[in-house]
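Engineer: To start, I am sharing the structure in question, which I have written as structure tokens.
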Amino acid sequence: MKLRRIHWILIAIAIAAVAIGAAVFHLMMTPPDDLDLARSKPTEQRAYVASIAPETEPLQQGELHAWVLTVTTPDNKPVEGATIAVDGGMPQHGHGLPTSPQMTSYLGEGRYRIEGVKFNMGGWWELKFAISAPPGDDRVTFNLKL
Ligand SMILES: [Cu+2]
């Protein structure tokens, strides 16, 4: 009688463990449905409007590629001579980018080339830019789904 009860308790614990594991896996692997995938948006303090475009699409997992970041003022004037720092990672996995992308050249008309971007797994990625120019320091985060 006693053994039998322990047996059922163990089965219940096993079922609960599998359910919790599945829920955690789902949370780690599934981007939120309402994720903002806009590729153009105002920066956090609204000093700029930033837009991103990959140089090649669709995005390939595991390959180094470049992006063009376009920075304008809110009234749509190109921002020249900005310093751009790049950061990012996977919010659901708690890790950053596998590489250290750099702004490598100014292409004119507020466009900056960002080289060395790599996404080494599928899921929700963030690409973050810190923009520093005469109008001020500001930052912006873009969401990408791979
Ligand atoms: Cu990851």
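The values are calculated or read from the model by the stated rules, or taken from the named source; none is laboratory data. A quick note: this is a predicted structure, and the numbers were derived from the prediction, not measured. Glycine gets a Cβ as well: all are built from the backbone with ideal geometry, and neighbour counts include every protein chain shown.
Engineer: With respect to H93, is the statement that it is surrounded by 13 or more Cβ atoms within 10 Å (Cβ to Cβ) and in contact with a helix residue (DSSP H, G or I) (Cβ under 9 Å, 6 or more places away or on another chain) true? First the steps, then the outcome.
Structural biologist: Numbers: surrounded by 13 or more Cβ atoms within 10 Å (Cβ to Cβ): yes; in contact with a helix residue (DSSP H, G or I) (Cβ under 9 Å, 6 or more places away or on another chain): yes.
Considered against the rule, which asks whether it is surrounded by 13 or more Cβ atoms within 10 Å (Cβ to Cβ) and in contact with a helix residue (DSSP H, G or I) (Cβ under 9 Å, 6 or more places away or on another chain), H93 comes out as yes.
Engineer: For the stretch 9-30, check the following and say yes or no: at least one residue is within 18 Å of F142 (Cβ to Cβ) and surrounded by 11 or more Cβ atoms within 10 Å (Cβ to Cβ). If you could, list the steps in order and put the result at the bottom.
Structural biologist: Start the filter on the stretch 9-30 by keeping residues that are within 18 Å of F142 (Cβ to Cβ), which leaves none.
For the stretch 9-30, residues within 18 Å of F142 (Cβ to Cβ) and surrounded by 11 or more Cβ atoms within 10 Å (Cβ to Cβ): absent.
So that you can scan it fast, the table gives a plain yes or no per residue for (1) under 20 Å from G88 (Cα atoms); (2) aromatic (F, W, Y); (3) in the same structural domain as T72 (by TED's automatic domain parsing); (4) in a loop (DSSP other than H, G, I, E, B):
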residue: A17; (1), (2), (3), (4): no, no, no, no
residue: I20; (1), (2), (3), (4): no, no, no, no
residue: A23; (1), (2), (3), (4): no, no, no, no
residue: E44; (1), (2), (3), (4): yes, no, yes, yes
residue: A47; (1), (2), (3), (4): no, no, yes, yes
residue: S51; (1), (2), (3), (4): yes, no, yes, no
residue: T56; (1), (2), (3), (4): yes, no, yes, yes
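Engineer: Is the stretch 50-57 home to any residue that is within 16 Å of the ligand (Cβ to nearest atom) and either in contact with a Lys or Arg (Cβ under 6 Å, 6 or more places away or on another chain) or touching a residue at least 12 places away in the same chain (Cβ under 8 Å) (or both)?
Structural biologist: Our first condition is that a residue be within 16 Å of the ligand (Cβ to nearest atom); within the stretch 50-57, this holds for none.
No, because not a single residue in the stretch 50-57 is within 16 Å of the ligand (Cβ to nearest atom) and either in contact with a Lys or Arg (Cβ under 6 Å, 6 or more places away or on another chain) or touching a residue at least 12 places away in the same chain (Cβ under 8 Å) (or both).
Engineer: Take the residues of the stretch 57-91 that are touching a strand residue (DSSP E or B) at 6+ places or on another chain (Cβ under 7 Å) and of a type in the set (G, A, S): which is nearest to R113 (Cα to Cα)?
Structural biologist: It comes out as A66.
Engineer: For the stretch 62-83, does any single residue satisfy the condition of being away from the ligand (no atom under 14 Å from the Cβ), at positive phi and assigned to a strand (DSSP E or B)? First the steps, then the outcome.
Structural biologist: Initially, the stretch 62-83 is screened for residues away from the ligand (no atom under 14 Å from the Cβ), giving 63-83.
Now narrow it down to the ones that are at positive phi: 76, 81.
Filter once more, so that each one left must be assigned to a strand (DSSP E or B): none.
Looking for residues that are away from the ligand (no atom under 14 Å from the Cβ), at positive phi and assigned to a strand (DSSP E or B), one finds none in the stretch 62-83, hence no.
Engineer: How many residues does the stretch 93-106 hold that are out of contact with any Ser or Thr (no Cβ under 9 Å at 6 or more places or on another chain) and away from the ligand (no atom under 16 Å from the Cβ)? It would help to see each step written out before you state the result.
Structural biologist: Of all residues in the stretch 93-106, those out of contact with any Ser or Thr (no Cβ under 9 Å at 6 or more places or on another chain) come to 93-102, 104-106.
Filter once more, so that each one left must be away from the ligand (no atom under 16 Å from the Cβ): 100-102, 104-106.
Number satisfying all stated conditions: 6.
Engineer: Here's another thing I want to ask about it. Looking only at the stretch 109-146, count how many residues are touching a residue at least 60 places away in the same chain (Cβ under 8 Å), within 16 Å of the ligand (Cβ to nearest atom) and exposed (fewer than 15 other Cβ atoms within 10 Å of the Cβ).
Structural biologist: 3
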